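The structure appears right after this line, and notes come after that.
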Amino acid sequence: MVQFEHDTIVPDRDSALTKKQQVAQMFDNIAFRYDFLNRFLSGGIDIVWRRKAIRQLQEINPKNILDVATGTADVALMTYKMLKPEMITGIDISNGMLELGRKKIAKLNLQDSITLLQADSENLPFADGTFDAITVAFGVRNFEHLEKGLSEMLRVLKTGGKLVVLEFSKPKQSGFKKIYTLYMKTITPGLGKLFSGSKSAYSYLNDSVQAFPEGEKFNEILIKTGYKNTYYKSLSLGICHIYCGSK
């Protein structure tokens, strides 16, 4: 499999741990502030992005959905509210994030509709053709092997099933790009350290965004991996993209 630049970006370059292990540890450490920082650092616009991503599934009316890199189950909960599928399974490598997600699900008494499991996105513990749809919000940047993760998701999709990926990207408009770069490179890590105690986690966020193959490049990777009917949409002047593909 091809290795992409972002595959090699890790939270701590001096650590002997693999990217996967470092990412799990990083999210365990910041889990208690993750939801707050998402809302705070994005000004709440991340909620709008998630809704737009989930709407890409309305036309196929999926009954069984997999949410990869589910974290604290934000997308899983929003998907249930918007689409009312029969079952949503969320997976993540960070148990700390999952524990918070389970508390949110229990508070809404949705344990029979949403299940969270600790699992590796590159080695999914599901049979071929299990799910009608798969969502990934801000998770593919964290894959240690991007193509392997995309291939695994394609494997567990049913024929006619749809993948929706929501991921950060870099704005192209020169004036806005300068402001965005300053915010992501300097302000975000500083605020991340202030509220979560971890500057490296939010420095990693910027580094991985900078290295990620966005836009048409990611669309081409989806096609190469085997997805059909691919398309993508730019959001908020290019800060974020929605990518879709079907099996």
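Within a straight-line Cα-Cα reach of under 17 Å, LYS178 can be paired with the following lysines, leaving aside sequence neighbours fewer than 8 residues apart in one chain: LYS170.
In order along segment 93-104, the Karplus-derived 3J(HN,Hα) couplings, from 6.51 cos²θ - 1.76 cosθ + 1.60 at θ = phi - 60°, round to 8, 9, 5, x, 5, 4, 4, 5, x, 5, 5, 5 Hz, and Gly and Pro are given as x.
Pairs to check: LYS63/LYS247; LYS19/LYS158; LYS148/LYS228; LYS63/LYS148. Give those whose C-alpha atoms are more than 22 Å from each other in this structure.
Values: LYS63/LYS247 16 Å; LYS19/LYS158 29 Å; LYS148/LYS228 17 Å; LYS63/LYS148 25 Å.
In this structure, LYS19/LYS158; LYS63/LYS148 lie more than 22 Å apart at Cα.
Counting Lys +1, Arg +1, Asp -1, Glu -1, what net charge surrounds LEU83 among other residues with beta carbon under 15 Å of its beta carbon? If you can, show how the numbers build up before the last one.
Values: positive: ARG50, ARG51, LYS52, ARG55, LYS63, LYS81, LYS84, LYS162; negative: GLU59, ASP67, ASP74, GLU86, ASP132.
Value of the local net charge: +3.
Let me make sure I get this right: for segment 83-145, a, b and c are the square roots of the gyration tensor eigenvalues over alpha carbons, sorted descending. Under 1.5 in a/c it's rounded, otherwise prolate if a/b > b/c, else oblate. Which is it?
Values: a/c = 1.92, a/b = 1.24, b/c = 1.54.
The shape class here is oblate.
Evaluate the charge dipole of the chain about its Cα centre and quote only its size in Debye, nearest 20, assuming +1 on the Cβ of each Lys and Arg and -1 on the Cβ of each Asp and Glu. Intermediate results must be reported in sequence, preceding the final value.
Details: 33 positive and 26 negative charges, 175 e Å.
Taking the Cα centre of the chain as origin, the dipole is about 840 debye.
How high is the FRET efficiency from ILE179 to ARG51, r the C-beta distance, R0 22 Å, rounded to 0.05?
Numbers: r = 25 Å, r/R0 = 1.13.
The formula returns an efficiency of 0.35 here.
Counting only aspartates and glutamates at least 8 places from LYS217 when in the same chain, those with an alpha carbon closer than 16 Å to its own are GLU5, ASP7, GLU147, GLU167. Based on alpha-carbon atoms, the Kirkwood radius and the radius of gyration of the chain give Rg/Rh equal to 0.93.
Please work out whether segment 1-140 counts as rounded, prolate or oblate from its C-alpha gyration tensor, where a ≥ b ≥ c are the square roots of the eigenvalues and a/c under 1.5 means rounded, while otherwise a/b larger than b/c means prolate and anything else oblate?
On the way: a/c = 1.60, a/b = 1.35, b/c = 1.19.
It is prolate, given that a/c is not under 1.5 and a/b is the larger ratio.
Treating r as the C-beta distance of ILE60 and ALA106 and R0 as 30 Å, the FRET efficiency rounds to 0.55. For the chain, adding -39500 (n - 2.57) for each run of n ≥ 4 DSSP H residues and dividing by the number of residues yields -14000 deg cm²/dmol at 222 nm.
Bear in mind that the values in this text are calculations on the coordinates, not laboratory data. In this text the structure is predicted, and so the values were computed from the model without any measurement. Glycine also receives a Cβ, built like all others from the backbone with ideal geometry; neighbour counts cover every protein chain displayed.
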